[in-house]
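Everything on this sheet refers to the single structure shown next.
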Amino acid sequence: MTRAISIAHAGGPEVLVESEITLPAPGPGQALLAITGAGINFIDIYRRSGVYPMAHPYTPGTEGAGSVLAVGDGVTEVSVGDRVAWSDIPGSYAAATVGAVERLIPVPDGVDDLQAAAFPLQGLTAHYLAADSHPIVPGDTVLIHAGAGGVGLLLTQIAKIKGATVITTVSTAAKGELSKGAGADHVLIGYEGFTGKVRELTGGAGVQAVYDGVGKDTFDGSLDALARRGMLVLFGGSSGQVPPFDPQRLNRGGSLSLTRPTLVDFTVTRAEMLGRATELLGWIADGRLEVTVGATYPLADAAKAHEDLAARRTTGKLVLLP
């Protein structure tokens, strides 16, 4: 038996109930994992509330870190005792879970357990955004919305590593200080009128790319903030989903481009996932990339963690500690 959060039916945070569950032995290609920390993400809320239908009962959470307790037949990728992290293994709101070894990321000694639990989902996301969705090159100027969020803080740092000038938007002055601490060159407090401010900061030219995880409330302004042949990378919708729009707006705006990517398409193989993770973990270990953990919660307070995340009372990454 292991302690875990169970959800019997869709609903509010109150459906997150601590219980005891029985885990199966790891089968071929699987490992039994002791969990030292589980990342808390908006997708967990969407699944809990029924926006994304789930089979019940289930244990939420897909991101975390820990160590290998046992392996199934034929497993060679990891060994008992190895420290590992993951972004997509179900049942991570628990003291232990069983998952596919092909999705496990080896964690080096220079990265602690909390960093390991906090980096996978948002770190891998920030990596593909900066390396693939719009490959940042030295001299680019980019706009990053929600610059004090988990992805925003990491993406800002990666953009600076790659030689960009970074403009961010945040909702409060306190979040602005966090964004500045991550290396943002210009921080805009509040979202009202951000397009004009971006144009002013760029001498009227606009930015080469906008990384927009806010969605509905910022979409129009994001398009208008782009330079000729600029790219709008729409990777989320925390304010709601963007309604249908006329593609001719891209033409009128200066041959603009729009992409709506998702992480699964940028970690298709284990080799691709490990390539991204290895670079991220190297930056973390040598101090070039800081993973900001905004708050930690004991497993029993998973409902409080969901409430805080949904109310946007937090910054950085939230982590459950089993």
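The values are calculated or read from the model by the stated rules, or taken from the named source; none is laboratory data. Small disclaimer: the values here were computed from a predicted structure and weren't measured. Here the Cβ positions follow ideal geometry from the backbone for every residue, glycine too, while neighbour counts run over all protein chains shown. Protein only, heavy atoms only, side chains kept; ligands, DNA and RNA dropped before computing areas. Shrake-Rupley method; radii C 1.70, N 1.55, O 1.52, S 1.80 Å.
Structure data summary
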{"item": "The chain - mean residue ellipticity at 222 nm from DSSP helices (-39,500 (n - 2.57) per run, n ≥ 4, rounded to 500)", "result": "-7500 deg cm²/dmol"}
{"item": "Size of the stretch 1-127 as Cα extents on the principal axes (Å, biggest first)", "result": "39, 34, 20"}
{"item": "Spacing of the two label points (7 Å from each Cα toward its C-beta) at Asp220 and Leu321, in nm", "result": "4.6"}
{"item": "FRET efficiency, 1/(1 + (r/R0)^6) with R0 30 Å, evaluated for Ile161 and Gln248 via beta carbons", "result": "0.25"}
{"item": "Rg ratio (alpha-carbon, reference 2.2 N^0.38 Å) - the stretch 106-171", "result": "1.16"}
{"item": "Three-way shape call for the stretch 129-242 based on the alpha-carbon gyration tensor, with the a/c threshold at 1.5", "result": "rounded"}
{"item": "Å² of accessible area per residue within the stretch 77-215, as computed with a 1.4 Å probe and no ligands counted", "result": "33"}
{"item": "Qualifying GluC sites (Glu not before Pro) in the stretch 21-104, DSSP loop, other Cβ atoms within 10 Å at most 13", "result": "none"}
{"item": "Cα pair distances in the chain, grouped into 10 Å bins until the bin that holds the longest one, percent each", "result": "6, 26, 33, 23, 10, 2, 0"}
{"item": "Loop GluC sites (Glu not before Pro), the stretch 140-244, which have at most 12 other Cβ atoms in a 10 Å radius of their Cβ (DSSP)", "result": "Glu192"}
{"item": "Two-site FRET efficiency, Glu18 against Glu290, from Cβ-Cβ distance with R₀ of 51 Å, rounded to 0.05", "result": "0.95"}
{"item": "Projected label distance in nm at Ala205 and Ala174, using a 7 Å step from Cα toward the beta-carbon", "result": "3.7"}
{"item": "Fully extended contour minus Cα-Cα distance, from Asp132 to Ala25, at 0.36 nm per residue", "result": "34.7 nm"}
{"item": "Hull-based mean projected area of the stretch 177-293, where the convex hull spans the alpha carbons, in square nanometres", "result": "9.1"}
{"item": "Unsatisfied cross-links (Cα-Cα over 29 Å) in the set Lys162/Lys197; Lys160/Lys304; Lys197/Lys304", "result": "Lys160/Lys304; Lys197/Lys304"}
{"item": "Separation of the Met1 and Val264 label points, Cα + 7 Å toward Cβ, nm", "result": "3.5"}
{"item": "Centre separation in Å (Cα based) which lies between the stretch 230-268 and the stretch 49-99", "result": "31"}
{"item": "Span-rule helices in the chain, defined as complete DSSP H runs reaching 15 Å or more along the axis (Cα) with Kyte mean at least -0.5", "result": "150-161, 270-285"}
{"item": "Rel. contact order, % - alpha carbon contacts under 8 angstrom, at least six apart, the stretch 1-148", "result": "25"}
